[in-house]
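Read through the structure below, which is laid out as structure tokens, and then see the notes.
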Amino acid sequence: MVNGIIERYRDRLPFAPGDPVVSLGEGNTPLVLAPRLSERAGVEVWLKLEGANPTGSFKDRGMTTAVSAAVREGATAVVCASTGNTAASAAAYAARAGLRCAVVVPEGNIAMGKLAQALVHGARVIALKANFDAALTLVRELVERQPISLVNSVNDFRLQGQKTAAFEVVEALAGELDAVCLPVGNAGNITAYWLGFTESGRRPRMLGFQAEGAAPLVRGAPVEHPTTIASAIRIGNPARWEEAMDAMRSSGGTVAAVSDGQILEAYRFLAGAEGIFCEPASAAGVAGLLAHGAQDARRVVCVLTGHGLKDPEIAVGNAAGAISCEPELSALERAVLQ
Ligand code: AN7
């Protein structure tokens, strides 16, 4: 039997027994201690591996709730704007539910793994000649005109599902944690974590990190042309702006920026020194911890929001290449030992 977050946390979610549940067994992801990162950061760091969700990102927690609610309401189609992971997750859960799905992505700015997922699950993939912010504005207008359910994180069911990651962290650490580092794009996830922590009676500092070229919350103004190699968080006008700022302020946290260079350095460090492959956007939280510290925290959780395999082009483009070798023992010996 599939046992996802709705079944596990039904008493804290807006779903009654007997309501339809569309699940792929999301949630219950690993929380692992990171000894080398802890040593470098000077604080005990735990990593929440959200890439271990069914479609490889944290979006699945919010998609099981959003799509289940859409089915309950009698919807036959769902739509989202996306930098990639929401699209992949929406496509999978819509396929599972037998709903039609359209995803609107910024043309040329979505990672290959995510595009592959949306396509293979049978979503209608629309490559918009604009950025994510323009795509979200358009789909919000679209659902005013058409009976299609919007599954972006402006949908409150998304936050309800995503707050369950905070429940898991509280359970795993018996509530003992001082700060949480998160990458921030459309600002739904940091809002959802704060909701989950406050419902659990905990108040860790929420430390949000944006890419320098896409840091509206840090600048205090929308960014018209956001840029970063971390395409997942290439967002200039977050929909959950106020809620996210409130989460950071109320928890005594902050929002800060990290450069693409710092993101890539943290990404390589996690892969090479901790054995954990996350996507570039996910490394922004770790880069932020390394660059800005975690104030007086003793124990920190960094949320690694998506799997590294989502973006093979960045991975291969930033690593030493494979070594070509003739099929002879001496050549192989040289290649292995050099
Ligand atoms: C790996 O898929 O916005 O601050 O359309 O894919 O809740 O937006 C993805 C965002 C962090 C930021 N890490 O979360 C989308 C999308 C990864 C992400 C974020 C995203 P939010």
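The values are calculated or read from the model by the stated rules, or taken from the named source; none is laboratory data. None of the values given here were measured: they were computed from a predicted structure. All Cβ positions, even for glycine, are placed from backbone atoms using ideal geometry, and neighbour counts span all protein chains on display.
Observations on the model:
- In the condition set (1) assigned to a loop (DSSP other than H, G, I, E, B); (2) over 22 Å from the mean Cα position of the chain (by Cα); (3) in contact (Cβ under 8 Å) with a residue 40 or more places away in the chain, V22 is compliant with all but (2).
- Filter pass, A69 being on the phi < 0 side of the Ramachandran plot and more than 16 Å from the chain's Cα centre (by Cα): yes
- Failed item, numbered, when G213 is tested on (1) of a type outside the set (D, E, K, R); (2) over 21 Å from A266 (Cβ atoms); (3) away from the ligand (no atom under 13 Å from the Cβ): (2)
- Out of A95, A134, sole residue that is closer than 24 Å to A221 by Cα, among the aliphatic types (A, V, I, L, M) and surrounded by fewer than 24 Cβ atoms within 10 Å (Cβ to Cβ): A134
- Checking each residue in the range 25-40 for being among the small types (G, A, S) and assigned to a loop (DSSP other than H, G, I, E, B) picks out G25, G27, A34.
- Total residues in the range 287-308, condition more than 20 Å from G252 (Cβ to Cβ) and either in a loop (DSSP other than H, G, I, E, B) or within 12 Å of the ligand (Cβ to nearest atom) (or both): 5
- Of the criteria (1) surrounded by fewer than 17 Cβ atoms within 10 Å (Cβ to Cβ); (2) among the aliphatic types (A, V, I, L, M); (3) outside the structural domain of N53 (by TED's automatic domain parsing), which one A102 fails: (1)
- Residue in the range 262-281 that is assigned to a helix (DSSP H, G or I), within 10 Å of the ligand (Cβ to nearest atom) and either over 15 Å from the mean Cα position of the chain (by Cα) or not hydrophobic (A, V, I, L, M, F, W, C) (or both) present: yes
- Selection status of A284, closer than 25 Å to T29 by Cα and away from the ligand (no atom under 12 Å from the Cβ): no
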